[in-house]
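Notes follow once the structure below has been shown.
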Amino acid sequence: MKDQPVIDLDQAYPPQSLRDYALLADGYRGALIGPRGDVSWLCAPRWDSPAMFSQLIGGRGTFAITPVDTFVWGGYYEPGSLVWVSRWTTSDCHVQCHEALAVPSDPRRLVLLRHLQAGGQPSSMDVTLDICAEFGSKGSSGRRDDSGAWVFKAGDLHCRLTGAGDGNLNSEGVLCLRLELSPEQEHDLVLEVSDQPLDRQPAVDADAAWSATRNHWAEAVPEFGKSAAPRDSRQAYAVLRGMTAPGGGMVAAATLGLPERANAGKNYDYRYVWLRDQAYAGIAAGVNEPLPLLDEAVAFSTARVLEHGDKLAPAYRIDGSSAPHETQLDLPGYPGGTPIVGNWVRGQFQLDAMGELLQLYATSAGHDHLTSDDHTAITSLISTIDSRWSETEAGIWELENRWWTHSRLACIAGLRAIAVHAPTSDAGRALTLADAILAETSKRCLNSDGAWQQTPDMDKPDAALLIPVVRGALPPDDPRSRATLAAVMRDLTADGYVYRFRADDRPLGEAEGAFLMCSFAVSLAHLQAGNTVDAFRWFERGRAASGSPGLLCEEFDVRQRQLRGNMPQAFVHAMLLECSQRLDTGAMGTHDPA
């Protein structure tokens with residue numbers, strides 16, 4: 001065995017701008033891959049497990065395939081899928097690598113597929129595999145088995161890599177391989193990871209896995225011909241599909257600790273299911289036809305409502321268990337960020353989620369997809385709103401407990417929407433309750449211009465207030481609706497982007513980035529108001545903020561043209577998908593099958 005040089009992985013594969021990362025996902029976990037072919041983030045065996053590749057946040061662990069010669073990078077997703085194609089061009093050749101997490105997926109065993117294709121000239125590629133469990137704190141021991149595959153044990157993880165039989169381990173346990181590809185040569189590397197031993201399972205057949213993966217995506221993602229942007233709609237749905245466990249919950253993002261603002265303390269772990277975000281995705285999946293993500297969103301939500309009733313939490317793990325409390329990892333973190341595990345949302349009450357869930361159920365009811373359990377959950381949600389709507393709570397932005405206007409309007413929208421489909425007793429109760437909440441909210445939460453304000457004692461506008469308006473809390477021509485849109489346009493927009501609210505007296509863009517979900521909310525508000533040209537303009541501006549692979553984060557730094565926060569952010573892709581479909585039909589409403 002040759003002595004392999006020690007590689008300074010921090011120097012070889014440093015964190016990149018967020019806009020340059022692509023997502024691979026199979027529903028149970030997700031990986032980020034950078035422009036040097038480096039898989040620098042992957043938690044196994046599921047989203048909220050400790051990372052085995054944590055180079056992104058300053059830990060050890062990466063799996064890279066990189067040209068030896070100087071190169072420029074590009075890439076693209078195969079249409080309607082999360083099959084990423086990394087493409088590098090050197091002075092002498094070009095080479096590409098197809099990358100995917102294999103699907104259909106296994107909750108306890110992930111399969112990372114990497115298929116290299118050389119161009120018309122010879123290509124030299126360096127392969128580096130550093131497996132470190134528990135966010136880099138537990139290194140791996142590796143050996144070649146009788147088949148020539150490399151097998152590793154790191155913490156509780158069992159790993160197997162095929163296609164790198166000629167590689168060698170250096171003194172730090174990092175597998176290194178120089179691949180010399182002849183013109184037009186193809187080469188597969190397959191990494192399997194499980195929390196169970198793999199020695200009794202046959203190694204994955206790369207050709208069969210690739211065939212199954214491509215067939216899965218072809219069947220899972222519709223064409224979205226009835227949308228303003230079919231390609232981006234398909235990609236948004238693929239992202240949501242990849243971030244949703246089969247039959248389970250959808251994580252809010254794949255990552256943790258990526259800063260919304262450098263060194264500003266806004267660092268969160270979004271590898272959990274927010275019921276609000278799940279509702280947004282389900283509503284988007286039910287605009288024109290009942291796509292599978294709609295039924296899965298309803299099923300996950302119903303299970304949580306029936307289990308927890310009026311103690312419903314804002315967020316859960318994908319298996320329905322509670323999200324953990326926040327702790328901080330002893331790692332450097334992504335530059336400008338802090339590696340936080342768990343989320344402070346545990347223990348919060350967010351009233352608006354109850355209304356969003358009723359809007360989700362109304363969408364499902366419009367397609368006649370509700371079950372008896374769903375109806376029981378609806379009755380429970382109406383009771384929870386009835387008993388708790390006057391309480392202070394954390395609201396959509398998860399801030400201090402206040403009497404947030406948006407939460408009341410979200411409940412009004414949900415109650416009105418579900419009343420169309422609920423049994424007579426629930427329908428009457430829902431409408432009576434919606435009227436009572438609206439009367440009190442109108443009394444307490446309108447400013448001098450007639451627009452909705454954040455709270456009774458905070459007279460500033462909030463872009464979130466547009467969402468329940470377009471979802472039916474008020475008629476489109478209601479003076480309060482028009483005044484709120486005008487206030488958001490006047491006070492919360494700059495350079496074609498929308499900010500959620502003014503945190504202080506600083507100019508927009510200095511306190512935080514533009515909030516991309518709000519760009520799509522403004523588009524929907526203009527569509528509802530009949531301003532079709534403006535609706536398209538705000539939609540196009542919002543989707544143009546994506547990075548090279550077409551993914552969107554929570555925020556966009558307009559001045560620096562950089563994505564900010566954890567990525568990809570599911571609810572932004574959900575709002576893009578909803579907006580694209582509604583712009584094509586020119587109609588609003590969450591429960592009318594188009």
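Selection of the stretch 205-239 for residues being surrounded by 21 or more Cβ atoms within 10 Å (Cβ to Cβ) and under 12 Å from Leu113 (Cα atoms) yields only Thr213. State whether one or more residues within the stretch 485-494 are closer than 30 Å to Ala419 by Cα, among the polar types (S, T, N, Q) and modelled with pLDDT of 95 or more. Taking every residue of the stretch 485-494 in turn, none turns out to be closer than 30 Å to Ala419 by Cα, among the polar types (S, T, N, Q) and modelled with pLDDT of 95 or more.
Right, Val103: over 17 Å from Leu23 (Cβ atoms), open to solvent by less than 10 Å² (accessible area, probe 1.4 Å), at pLDDT 95 or above and not hydroxyl-bearing (Ser, Thr, Tyr) or not? Spell out the reasoning first.
Numbers: over 17 Å from Leu23 (Cβ atoms): no; open to solvent by less than 10 Å² (accessible area, probe 1.4 Å): yes; at pLDDT 95 or above: yes; not hydroxyl-bearing (Ser, Thr, Tyr): yes.
Answer is no for this residue.
For the stretch 476-485, the set of residues classified as of a type outside the set (Gly, Ala, Ser) and either part of a helix (DSSP H, G or I) or out of contact with any helix residue (DSSP H, G or I) (no Cβ under 7 Å at 6 or more places or on another chain) (or both) consists of Asp477, Asp478, Pro479, Arg480, Arg482, Thr484, Leu485, listed by residue number.
Report, by residue number, each residue of the stretch 169-194 that is open to solvent by 50 Å² or more (accessible area, probe 1.4 Å), touching a residue at least 60 places away in the same chain (Cβ under 8 Å) and on the phi < 0 side of the Ramachandran plot.
First, the residues of the stretch 169-194 that are open to solvent by 50 Å² or more (accessible area, probe 1.4 Å): 171-172, 178, 180, 182-186.
Of the ones still in play, those that are also touching a residue at least 60 places away in the same chain (Cβ under 8 Å) are 171-172, 178, 182-186.
Hits for the stretch 169-194 are Ser171, Glu172, Arg178, Ser182, Pro183, Gln185, Glu186.
Of all residues in the stretch 380-402, those satisfying the criterion of being free of Cβ contacts under 8 Å to residues at least 60 places away in the same chain, closer than 18 Å to Gln453 by Cα and open to solvent by 20 Å² or more (accessible area, probe 1.4 Å) are Trp389, Ser390, Glu391, Thr392, Leu399, Glu400, Asn401, Arg402. Every test in (1) within 30 Å of Ala264 (Cα to Cα); (2) of a type in the set (A, V, I, L, M); (3) open to solvent by 20 Å² or more (accessible area, probe 1.4 Å) is passed by Ala545 save one, and that test is (3). Applying a threshold of 8 Å to beta carbon distances and a minimum spacing of six or more residues, or different chains, the list of pairs starting in the stretch 459-471 at a residue that is free of Cβ contacts under 8 Å to residues at least 40 places away in the same chain and ending at one that is in a loop (DSSP other than H, G, I, E, B) and surrounded by fewer than 24 Cβ atoms within 10 Å (Cβ to Cβ) reads Asp459/Asn447; Asp459/Ser448; Asp459/Gln453. Report yes if some residue within the stretch 116-138 is in contact with a Cys (Cβ under 8 Å, 6 or more places away or on another chain) and farther than 30 Å from Val72 by Cβ; otherwise report no. Yes, the stretch 116-138 contains at least one residue that is in contact with a Cys (Cβ under 8 Å, 6 or more places away or on another chain) and farther than 30 Å from Val72 by Cβ. Scanning the stretch 279-302 turns up no residue that is open to solvent by less than 10 Å² (accessible area, probe 1.4 Å), of a type in the set (Asp, Glu) and within 20 Å of Arg241 (Cα to Cα). Listed by position, the strands (runs of 3 or more DSSP E) enclosed by the stretch 105-177 that each have at least 2 residues that are of a type in the set (Val, Ile, Thr) are 123-130. Of the residues making up the stretch 208-247, those that are of a type outside the set (A, V, I, L, M, F, W, C) and in contact with a strand residue (DSSP E or B) (Cβ under 8 Å, 6 or more places away or on another chain) number 4.
Being modelled with pLDDT of 95 or more, more than 21 Å from Leu9 (Cα to Cα), in a strand (DSSP E or B) and out of contact with any Lys or Arg (no Cβ under 9 Å at 6 or more places or on another chain) is true for just one of Glu192, Glu184, Glu180. Which residue is that?
On the way: Glu192 fails: out of contact with any Lys or Arg (no Cβ under 9 Å at 6 or more places or on another chain); Glu184 fails: in a strand (DSSP E or B).
One residue alone meets the criteria, Glu180.
So for the stretch 511-526 (the condition being hydrophobic (A, V, I, L, M, F, W, C), modelled with pLDDT of 95 or more, out of contact with any Cys (no Cβ under 8 Å at 6 or more places or on another chain) and within 30 Å of Thr371 (Cβ to Cβ)), does at least one residue qualify? If you could, list the steps in order and put the result at the bottom.
So in the stretch 511-526, the residues hydrophobic (A, V, I, L, M, F, W, C) come out as 511, 514-518, 520-522, 524-525.
Retained after the next criterion (residues that are modelled with pLDDT of 95 or more): 514-518, 520-522, 524-525.
Right, trim to out of contact with any Cys (no Cβ under 8 Å at 6 or more places or on another chain) and you get 514-515, 517-518, 521-522, 525.
With within 30 Å of Thr371 (Cβ to Cβ) added as a condition, the list becomes 517.
Yes, the stretch 511-526 contains a residue that is hydrophobic (A, V, I, L, M, F, W, C), modelled with pLDDT of 95 or more, out of contact with any Cys (no Cβ under 8 Å at 6 or more places or on another chain) and within 30 Å of Thr371 (Cβ to Cβ).
Looking across the stretch 532-554 at every residue that is in contact with a Lys or Arg (Cβ under 9 Å, 6 or more places away or on another chain) and polar (S, T, N, Q), the one that is modelled with the highest pLDDT is identified as Ser546.
Within the stretch 228-281, the set of residues being among the hydroxyl-bearing types (Ser, Thr, Tyr) and not in a loop (DSSP other than H, G, I, E, B) comprises Ser233, Tyr237, Thr244, Tyr280. For the criterion of being on the phi > 0 side of the Ramachandran plot and either under 26 Å from the mean Cα position of the chain (by Cα) or modelled with pLDDT of 95 or more (or both), Asp373 fails. Among the residues of the stretch 86-100, just one is outside any strand (DSSP E or B) and either crowded, with 19+ Cβ neighbours inside 10 Å or among the aliphatic types (A, V, I, L, M) (or both), namely Cys93.
Under 21 Å from Tyr280 (Cβ atoms), touching a residue at least 12 places away in the same chain (Cβ under 8 Å) and open to solvent by 20 Å² or more (accessible area, probe 1.4 Å), is that true of His308? Judged against the criteria, His308 is not a match.
Picking from residues in the stretch 410-451 that are touching a His at 6+ places or on another chain (Cβ under 8 Å) and not in a helix (DSSP H, G or I), the one that is least open to solvent (accessible area, probe 1.4 Å) is Ala422. Only residues that are farther than 21 Å from His308 by Cα and either modelled with pLDDT of 95 or more or crowded, with 24+ Cβ neighbours inside 10 Å (or both) were counted across the stretch 246-258, and they come to 6. Summed over the stretch 479-496, residues that are open to solvent by less than 10 Å² (accessible area, probe 1.4 Å) and within 23 Å of Ala544 (Cα to Cα) total 2.
The values are calculated or read from the model by the stated rules, or taken from the named source; none is laboratory data. On a predicted model such as this, the values are computed, not experimentally measured, just so you know. Neighbour counts run over all protein chains shown; Cβ positions are idealised from the backbone, glycine included. Keep in mind that these areas ignore ligands, DNA and RNA; they rest on the heavy atoms of the full protein, side chains included. Shrake-Rupley method; radii C 1.70, N 1.55, O 1.52, S 1.80 Å.
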